[in-house]
Amino acid sequence: MTLLSVVLLPLIGALLVPLLARARSPLIPAIASGIVTLAALSLLLLQAPTVLSGELITSEWAWIPSIGLSIAFRLDALALFFATLITGMGLLIILYAHFYFAGKPGAGRFYALMLAFMGAMLGIVTSENLLFMLIFWEMTSLVSFVLIGFHSDQRPARRGARMTLVITGGGGLALMAGIVLMGSIVGSFNLTDILAAGDELRAHAHYPLILTLVLLGAMTKSAQFPFHLWLPNAMTAPTPVSAYLHSATMVKAGIFLLARLHPALADTDAWLYSVSTVGMATLLTGAFIAMFKHDTKELLAYSTVSHLGLITLLMGLGTATALVAGLFHLLNHALFKAPLFMMAGAVEKATGTRDMRRINGLWRHMPLLTIMSAITAASMAGLPLFNGYLSKKMFFIESLDANVISPLNWLTPVLAAIAGLFSAAYSFRIFHNVFFNGQPRELPVWPPRKPALGIQLPIILLAAGCLFVGWQAEGIVHGLIRAMATASSGVKAPAYDMGQLHHVGPAFYMSLAALIGGLILYALRERLFELYDQLPPADAREIFEWLMTRAGNGAERFVHALENGSVQRYIALIILTAIIMAGPVLANVVWYGAKPMTPADPLTILGAILMMATAFGVVLGHRNRLFALLLLGSAGLFVTLTFARFSAPDLALTQLSVEVIAVIIMMLALSFLPQTTPVESSRLRRSRDSIIAVLGGLGTGLVSFAIMTRPQDSISDFFLEQSVPGGGGSNVVNVILVDFRGFDTLGEITVLGIAAVAVFALTRNLQLKHRIPNERDQYWASNPHPLILRTMARPILPIALMVSAYIFLRGHNMPGGGFIAGLITVVALSLQYMAGGLAWAHDRMLTSFRPLIGGGILLACLTGLGSLFMGLEFLTSWFGHYELPVLGHIELATALLFDLGVFTTVVGATMLILANLGKLMTVNGPGEEIG
Amino acid sequence: MEALYAATVGVLMACGIYLVLRARTFPVIMGLTLISHAVNLFLFATGRLALRAPAVIGQSETYTDPLPQALVLTAIVIGFAMTAFVVVLALRAVVELRNDHVDGVDPDEDWRP
């Protein structure tokens, strides 16, 4: 529970802080974030005694057991160290950010994102379930994307953010694949099981693949060569982000993963060679490039790359002492790199630039910052007695013992010393260049503003930390680092021989050589810069951008090739696919079933021939649109007759009313569209379409025939039997609609309502008035509201409404019901609109239509819910028979209420559609909205 | 009768498909309507053809299958809602795009009278 709250606290904080950001004082969100972080930190520290004594705290809740995902946390010394680093550093960053963002917008957003990031990082380091961890892993990639692109109005920020997302996100995908593979081999995603199954994993045929995938994840996150590119480009982020994500936390996630999965994957040649080679390459590349960067943050970024390489190299060597050295250096790196980043930010705030060719001699203006930076830079350079010296010396000792390529064993220490030399040189540079080295040149802000004490406070605390670790190194290595190494490797780490750090031996001379060489290198810097400038420019950023642009263009071309905006093509492809998929299957079907055919009577034959003729007529005459529309209407009437002929009175009634309204709508639309369709398709295309159409028609017809001639085996007997006793109605179709399958009907009326509201929204600002032709052609009537129609329409309305009420009430037992009654009402009402004009009819409407839709759906839902109160299933109906005066025998059923809901929705939705389409027609129609 | 019915469904479907493959909005809308007719008739026919046997208890000797009828009834109403929506979409498109093409061609042919 504690662990869950440690992770949840910052995540919840991230949601709440934006609410506080509106507060007048910028201090409030800062304090809130600080409190949240402090709470998480305290919870963690409370666990420290238990954890450091070697106990493992775990807690687990099931989430999706079928895929092995659970909400599971674990806290051992390794996790505790990282979690403390994340929260502790977070607290200092919040303090720093409060002063950094003073007078700038966006602090509230920053705190929220930072807390979200903190929660995600805590999730990574405390997850017991690896699938669960992946969620946080991805979350850090996403949040860092937003944080790096914090100044989203600046192009470099967007590019840097995108590069980070592509590289770390891609690595995340690889890691996911690796974890899934591991989980499927071990049979569990829980770390305890995976770490225990190291031998099984290493012996497995997929081990090289797993290793590659997991390393890809770790290396991209920890900016290892050649994926280190994103880190310098991420420097477009605000400095608190750089100090937090890019020196202390996110970039350490990859190293954490290497340390965490050590028992499962390490101790093989493949691990040794791949991890240590990558580490060495990163160490050298980073150290070399850092020396030549003039931007303080870029120098620090490359230096971070180099230090991460160093730690990775130690992880690759994989011995117990190398683990101790690596984890110790990780602590030291966080302690000296974060304050240097903060210094760079403070200096930028004071002078307006990060260019070291211009910032010089600041010691006069900020003496306190000078002293603090001296301590941290000395630690980074590896000056004796500082913490950085100790861990770097540990590294030199390890490099001497490293048995990587036996005849070339001397290579590792030599390369290590060279890297140390560059590292010393750039450490001198960032300190000396900024605070000494003559006078400032053309600073954008002059004189430099004095940095606030608050912005220096976290720097002071971290510098003190550097001194403290250097002073108490033995206790820290034995008390903390050893426990971490034990937790990481799974076997008890032997006590580290701290005495060898004070020996004057080969490692001492390596350190000395690196320091002296670094001094010489720094003294020769001007000459070196000139040489470096002559190197061919290989801007990796440009190469990356070029690749991204190529990939983007390629994808765009591909999409355009597939999706050319032609509905014609899509529909043709869909239908062709259906024909190709279904064709071969249908070809083997016996077309004629066992059921004898019904004899055909002349009237039906005539109807069928006429229906086919109208369909052909629509196709042949579709260029003359009004003519085709009239034929289409008659096709609909023939469909109605078909339903009526084949014992479906309800369908016939529905189809009839729908047909009337649909034709009205299409006619309304036609008045705004061209009256004719020009000949455009080529002959070839028309023949192609005809073939597709014939194949489609043939298939449908044959399947239909095959079904109809087979004997029937339906579930409908149940409905027929239960209709009267169970549903209380003798019209089985209606009983199915409002009772047996009432839930379906509820869905249908909801869809109808949505369609109507969509029509309302689409017609809302539609300006079509100017499209009404001034000179109507011969088909259109010149008088919009003829007198006879107007006179006749009014008396028709009450009659129609009465018919509608009758149809509605008898619907449960005789053909009819809510749908049909609703449609009849709509036809009667729309006649009023046509006869009297929109404004006239609209003024006489008692209600607007949208509430009808909502009310109808609500009524249907409530009827359904009512049965829940009676302890029955949703939408169970109830009915009873009554003798009422005047009306006589009547049956009352809750299904009637449901049907009333259907009725209301149908009326509301259809009227909303019609009235809004009709509104488009009126030149001087009602100004206000209809509906 | 079944053969005749099947032929009608096939013809409606074929005409519908040909029309939805046209290049302008209005024929496509008409094609969709024909296809809905074909599909509704098709679904209806899965209950087999029965004469004088409506599924109203006590009205006839035998009853036709009521279930496809219930399905088709809602399909008709939904089909109507779809038609209305597509019609408005076509109107909207003609205003926004200044033409009624659906074949990917996008000329500015505002045929305002």
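Give me the pairs, please: first residue somewhere in the stretch A:470-496 and among the acidic types (Asp, Glu), second residue anywhere and surrounded by fewer than 23 Cβ atoms within 10 Å (Cβ to Cβ), beta-carbon distance under 6 Å, and either six or more positions apart or on two chains. As it stands, the answer is A:GLU474/A:MET498, since those pairs meet every condition given.
Once the stretch B:30-55 is narrowed to residues that are among the β-branched types (Val, Ile, Thr) and surrounded by fewer than 24 Cβ atoms within 10 Å (Cβ to Cβ), the residue that is farthest from the chain's Cα centre (by Cα) is B:THR46.
Summed over the stretch A:374-421, the residues that are in contact (Cβ under 8 Å) with a residue 60 or more places away in the chain and not in a helix (DSSP H, G or I) give a count of 7. Does A:GLY696 qualify as being buried (at least 20 other Cβ atoms within 10 Å of the Cβ), touching a residue at least 60 places away in the same chain (Cβ under 8 Å) and not assigned by TED's automatic domain parsing to the domain that holds A:ASN813? When the stated conditions are applied, A:GLY696 passes them. If I filter the stretch A:577-620 down to residues being within 8 Å of chain B (Cβ to nearest Cβ) and in contact (Cβ under 8 Å) with a residue 60 or more places away in the chain, which single residue comes out as nearest to A:GLY701 (Cα to Cα)? Filtering the stretch A:577-620 for residues that are within 8 Å of chain B (Cβ to nearest Cβ) and in contact (Cβ under 8 Å) with a residue 60 or more places away in the chain, the one nearest to A:GLY701 (Cα to Cα) comes out as A:MET597. Considering only the stretch A:547-568, I want to know if a residue exists there that is outside the structural domain of A:ALA377 (by TED's automatic domain parsing) and touching a residue at least 12 places away in the same chain (Cβ under 8 Å). The answer is yes; a qualifying residue exists.
Within the stretch A:126-179, the set of residues being out of contact with any strand residue (DSSP E or B) (no Cβ under 8 Å at 6 or more places or on another chain), in a helix (DSSP H, G or I) and among the hydroxyl-bearing types (Ser, Thr, Tyr) comprises A:THR140, A:SER141, A:SER144, A:THR164, A:THR168.
Restricting A:ALA513, A:ALA538 to residues that are farther than 30 Å from B:ASP106 by Cα and modelled with pLDDT of 85 or more narrows the list to A:ALA513. For B:GLU61, indicate whether it is modelled with pLDDT under 90, closer than 25 Å to A:TYR592 by Cβ and among the acidic types (Asp, Glu). It is false that B:GLU61 is modelled with pLDDT under 90, closer than 25 Å to A:TYR592 by Cβ and among the acidic types (Asp, Glu).
Right, A:PRO440: of a type outside the set (A, V, I, L, M) and surrounded by 12 or more Cβ atoms within 10 Å (Cβ to Cβ) or not? Yes; evaluated as a whole, the condition is true for this residue. Please go through the stretch A:194-244 and give me each residue that is in a loop (DSSP other than H, G, I, E, B) and over 28 Å from the mean Cα position of the chain (by Cα), ordered by number. Hits for the stretch A:194-244 are A:ALA197, A:HIS204, A:ALA205, A:HIS206, A:PHE225. Take the stretch A:713-755 and flag every residue that is in contact (Cβ under 8 Å) with a residue 24 or more places away in the chain and within 7 Å of another protein chain (Cβ to nearest Cβ). Answer for the stretch A:713-755, where residues must be in contact (Cβ under 8 Å) with a residue 24 or more places away in the chain and within 7 Å of another protein chain (Cβ to nearest Cβ): A:SER730, A:ASN731, A:VAL733, A:LEU737, A:THR745, A:LEU752, A:ALA755. For the stretch A:621-655, the set of residues classified as of a type in the set (S, T, N, Q) and more than 7 Å from chain B (Cβ to nearest Cβ) consists of A:ASN624, A:SER634, A:THR640, listed by residue number. Where helices (runs of 4 or more DSSP H) fall wholly inside chain B, the ranges with 3 or more residues that are more than 7 Å from chain A (Cβ to nearest Cβ) are B:25-45, B:66-97.
The values are calculated or read from the model by the stated rules, or taken from the named source; none is laboratory data. Being a predicted model, the structure only gives us computed values, none of them experimental. Note that we place each Cβ from the backbone using ideal geometry, even for glycine, and neighbour counts take in every protein chain shown.
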